[in-house]
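Have a look at the structure below before the remarks.
Since every read-out is calculated from the coordinates, none of them should be taken as a lab result. Just so it is clear, the model here is predicted, and its values are computed rather than measured. Every residue, glycine among them, receives a Cβ derived from its backbone with ideal geometry; neighbour counts consider all protein chains shown.
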Amino acid sequence: MGKFSRRPPKLTRDTARPEGGGRAAPGDAPAPARQWPLLAVLGTTGLGLLIVAFDAFRVGTLVVGLALIGGAALRWALPSVGMLAVRSRFTDLFTYGGLGLAIVLLALMAQPHPWLKIPFLDEVLHFTVR
């Protein structure tokens, strides 16, 4: 009779790096230079949050949304983006671009005095808010 084990069989021996997950600069470059795409997105997002902290909500959130859209553009355009690559290229593009677009649209529609008015939203919200 064979030896039984309670452990599940070991099917996965290693985790594959995401597509585009290589270094964005040569290996002998310092760590910040190797991760410049991620640092650019994080730095721009931090700048947007700082702008929000200084009471310019709409402009700050626009900067945050544009930082995510910029991250999607970097992920699409560059073959190697370092730690900005989280999943497959398609998933990263969809996530960064979709969240960035949603943040930009919400910032444009923020009250009071929205910069973007979508007429059918008044009808949709008529029964829930008013």
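A few comments on the model shown:
- Residues in the range 49-63 carry Karplus couplings, in order, of 5, 5, 5, 4, 5, 8, 6, 10, 4, 5, 5, x, 5, 5, 5 Hz; the curve used is 6.51 cos²θ - 1.76 cosθ + 1.60 with θ = phi - 60°, and Gly or Pro positions show x.
- Furthest towards positive pole of dipole, Leu108, Ser88, Val59, structure part the range 35-129, Cβ charges: Ser88
- Where the Cα pairs of the range 35-129 fall when distances are cut into 10 Å bins, in %: 17, 39, 27, 15, 3
- Modelled FRET efficiency - R0 25 Å, Leu99 with Asp28, Cβ distances, 0.05 increments: 0.15
- Here the 3J(HN,Hα) profile of the range 95-112, calculated from phi with Karplus coefficients 6.51, -1.76 and 1.60 at θ = phi - 60°, is 6, 4, x, x, 5, x, 5, 4, 5, 4, 5, 5, 5, 5, 9, 5, 8, x Hz, Gly and Pro shown as x.
- Neighbour net charge for Leu105 - beta-carbon separation under 14 angstrom, K R +1, D E -1: +2
- Dipole moment magnitude, nearest 20 debye, the range 35-129 about Cα centre, only Lys, Arg, Asp, Glu C-beta charged: 280 debye
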